[in-house]
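The values are calculated or read from the model by the stated rules, or taken from the named source; none is laboratory data. The model shown is predicted, which means the values in this text are computed figures rather than measured ones. Neighbour counts run over all protein chains shown; Cβ positions are idealised from the backbone, glycine included. SASA here: full protein model, heavy atoms, side chains in, ligands and nucleic acids out. Shrake-Rupley method; radii C 1.70, N 1.55, O 1.52, S 1.80 Å.
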Amino acid sequence: MPAQIIQTNNAPFNKVSIDPVTLEVIENALRNARIEMDATLVRTAMSPGIREQGDAFPLIADRTGQMIVGQFGSYIGPFLDGFDGTVEEGDMIMLSDPYSVGGAISHLNDWLVLLPVFKDGRLIAYTSMFGHQSDIGGKVVGSMPIDATSIFEEGVRIPPVKIYSKGVYNADLIKLIMAQTRKPDWCTADLNALIASCRVAARRVVEMCERFGDDIFAAATDELLARNYRAMKQLIASSISEEKVSFEDYICDDGMGYGPYKIRCTMHREGDIVVLDFDGTDPQSQASINFFLNENMLKMFFGIYMIMVFDPQVLFNDGYYDLIRVKIPDGSLLKPKFPAALSGRTHALGRLFDIMGGLLGQKTPEFLNAAGFSSSPHLFYSGYDAKGRWFQLFQIGFGGIPGRPLGDGPDGHSLFPGFTNVPNEFLERYFPLVIERYETVADSGGAGLHRGGNGIIMSYRFLAAGTIAIHDDRWFTMPWGVNGGEPGARARKILEKPDGTQIVVGNKLENLTIEEGDQLHFITWGGGGWGDPLLRDPTLLELELERGLVTVEGAKRYGVVLVDGKVDAAATEALREAMRTARGPITSAFNYGPDIETLRANSLAETGLPAPKAPVKLAHFAA
């Protein structure tokens, strides 16, 4: 039963025209309100994941729940469809359970706050913010067990509930929720930060209505949605073919010894409508790498990718959703059946961006990006310090961004625009560790006319015994290159003991015991290369050698010979001619590296880890 909106004033908004200048002013006021939401959050939150890394996503929606400005697309529609209750002035709703809202949020760590904005008795907008909580209970520190086999192991589940009802705060409910976490101080501060961010945006919306009038504000949001629809309709018509194209990529493993897991998507256009069909995607996993993908979230991913590749000036919002139709098979990795575990869904989330690039670039190779988002590396470290105080760290790392039509991929950078690295000074101040190395890994980016971004190595020396967990991917398959570019290097994790002994450890593991003085070398993947590496300007290799981005041997992948840091022109010309002859013409848009069976055969020798076993289809399990 859908939610019931209670208004004391049911007068409809008058349809009025809006001039371009007023529309521009309101659009930018909404953009600024979204920025103010982020600023409020960062100043108020306590957990490193939100305060230092920005793992939170704001949203301002119109009166129907369609996102006008934001980052992750609107989840309000699915929420309203599934919320069996009333929405009234003074209410504020909180939730975290993906199954209760059709995957509108994707795992339990994301606490979402939703504030309906009323003015003069009428619903005029929604503001919302969700952020990743560093701990919500469950079987492991950090509440993201990669080896969970059901969502009940992952922490407290919060269905849509009112934390404010007609302006009255439900303190007992919050007390109950906070009792489930290992870090109630962080979670309380973060929740208050989410609430404050929503209230700030709500005030700005009301101020806009008071300045311009309710009808003008409503007309502006309608036009912003309509404008986005028109822009996307043109992009789709010019960029998407009626002929079907397919692309598939893999999640390397599930942390329990099985993999890789295939995600496959077929795309075509039917008139004005883009169809994205995930038939052929592997069944859901026994572990937590499942991604309960809400169709609207995928539409948002697709739209962002289209806009950023083809026309970055377009302000993306929910206005184009009617132009996209999504089909996801039930029981698949992207539509698992309850109570499948979901906490490790970031690997599939990242892989979707690579797949979008592979689909959209097949007909327009000049816009084709290589692979590079690929995953969201996580490190968890917990224990008791020398003074007996409990600590726990949750940190997100980054790999290499793919080579692109317009240039090289950045080194060790997030594709999400709001994410940042945690400063080493912060880590060393608040946790018992020392960062021994923090640098790019030379030659890890795929060679190309435009180089893939290098991965990074962070070497953590632990000053207190404890446990660590690692969540990463792209250690078995490679980030593919395009248009002649080579794949990027794979991720690796190495535990070094105080005596110098080095042990290759998995890229997905839980509860690894570490001792004081141990060192973890956390190495992320490189982005795939774009274009023929033999066409790259040789003088760039001189500069990159000086900056530690390539080595003398690595420069030879580009057919460049460096002697004493300078290009040997004659030797470079000869090497490039020999490489062209041996290689022959470039005949494929994609360079995936070896096939899956070859990767299996060579896994132990190349990665130090045994190959994962082929996934098996699981019978649906009951709660």
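Structural remarks
- Condition broken by residue 403, with the remaining ones in (1) closer than 17 Å to residue 371 by Cα; (2) modelled with pLDDT under 90; (3) of a type outside the set (Phe, Trp, Tyr) satisfied: (2)
- Qualifying residue in segment 384-398 (condition: of a type in the set (Ser, Thr, Tyr), part of a strand (DSSP E or B), farther than 22 Å from residue 300 by Cβ and open to solvent by 10 Å² or more (accessible area, probe 1.4 Å)): yes
- Being open to solvent by less than 30 Å² (accessible area, probe 1.4 Å), touching a His at 6+ places or on another chain (Cβ under 8 Å) and either touching a residue at least 40 places away in the same chain (Cβ under 8 Å) or hydroxyl-bearing (Ser, Thr, Tyr) (or both) is true of residue 529.
- Hey, residue 565 buried (at least 18 other Cβ atoms within 10 Å of the Cβ) and in contact (Cβ under 8 Å) with a residue 12 or more places away in the chain or not: no
- Segment 157-182, subset part of a loop (DSSP other than H, G, I, E, B) and out of contact with any strand residue (DSSP E or B) (no Cβ under 7 Å at 6 or more places or on another chain), residue most open to solvent (accessible area, probe 1.4 Å): 166
- Going through (1) in contact (Cβ under 8 Å) with a residue 12 or more places away in the chain; (2) at negative phi one by one, residue 170 falls short only on (1).
- Within the set 545, 512, 534, 540, the sole residue that is among the aliphatic types (A, V, I, L, M) and farther than 16 Å from residue 443 by Cα turns out to be 512.
- Every residue from segment 144-156 that is touching a Ser or Thr at 6+ places or on another chain (Cβ under 7 Å) and either in a strand (DSSP E or B) or open to solvent by less than 10 Å² (accessible area, probe 1.4 Å) (or both): 144, 145, 146, 148, 154
- Qualifying residue in segment 535-556 (condition: open to solvent by 40 Å² or more (accessible area, probe 1.4 Å), assigned to a helix (DSSP H, G or I) and farther than 30 Å from residue 365 by Cα): yes
- Residue in segment 130-139 that is open to solvent by 10 Å² or more (accessible area, probe 1.4 Å), touching a residue at least 12 places away in the same chain (Cβ under 8 Å) and farther than 23 Å from residue 83 by Cα present: yes
- Output for segment 8-21, where each listed residue is loosely packed, with under 15 Cβ neighbours inside 10 Å and in contact (Cβ under 8 Å) with a residue 60 or more places away in the chain: 8, 9, 10, 11, 14, 15, 16, 17
- Hits in segment 201-217 - residues which are open to solvent by 10 Å² or more (accessible area, probe 1.4 Å), assigned to a helix (DSSP H, G or I) and of a type outside the set (Phe, Trp, Tyr): 202, 203, 204, 206, 207, 208, 210, 211, 214, 215, 216
- Residue pairs meeting the criteria (Cβ under 8 Å; at least 6 apart or on separate chains; first of a type in the set (Phe, Trp, Tyr), in segment 263-290; second assigned to a loop (DSSP other than H, G, I, E, B) and open to solvent by 30 Å² or more (accessible area, probe 1.4 Å)): 278/329
- Flag for residue 467 being more than 26 Å from residue 614 (Cβ to Cβ) and free of Cβ contacts under 8 Å to residues at least 60 places away in the same chain: no
- Flag if residue 81 is open to solvent by 20 Å² or more (accessible area, probe 1.4 Å) and of a type outside the set (S, T, N, Q): yes
- Residue 126 falls short of the stated requirement of being at pLDDT 95 or above, closer than 30 Å to residue 207 by Cβ and open to solvent by 10 Å² or more (accessible area, probe 1.4 Å).
- Any hit, segment 410-425, residues being open to solvent by less than 10 Å² (accessible area, probe 1.4 Å), free of Cβ contacts under 8 Å to residues at least 60 places away in the same chain and not hydroxyl-bearing (Ser, Thr, Tyr): no
- When segment 504-521 is filtered for residues that are in a strand (DSSP E or B) and either among the charged types (D, E, K, R) or open to solvent by less than 10 Å² (accessible area, probe 1.4 Å) (or both), the ones remaining, listed by number, are 508, 510, 514, 520.
- Screening segment 436-503 for strands (runs of 3 or more DSSP E) wholly inside it with 3 or more residues that are surrounded by fewer than 17 Cβ atoms within 10 Å (Cβ to Cβ) returns no ranges.
- Scan of segment 587-601 for residues that are closer than 19 Å to residue 478 by Cα and either within 27 Å of the chain's Cα centre (by Cα) or assigned to a loop (DSSP other than H, G, I, E, B) (or both), ordered by number: 588, 589, 590, 591, 592, 593, 594, 595, 596, 599
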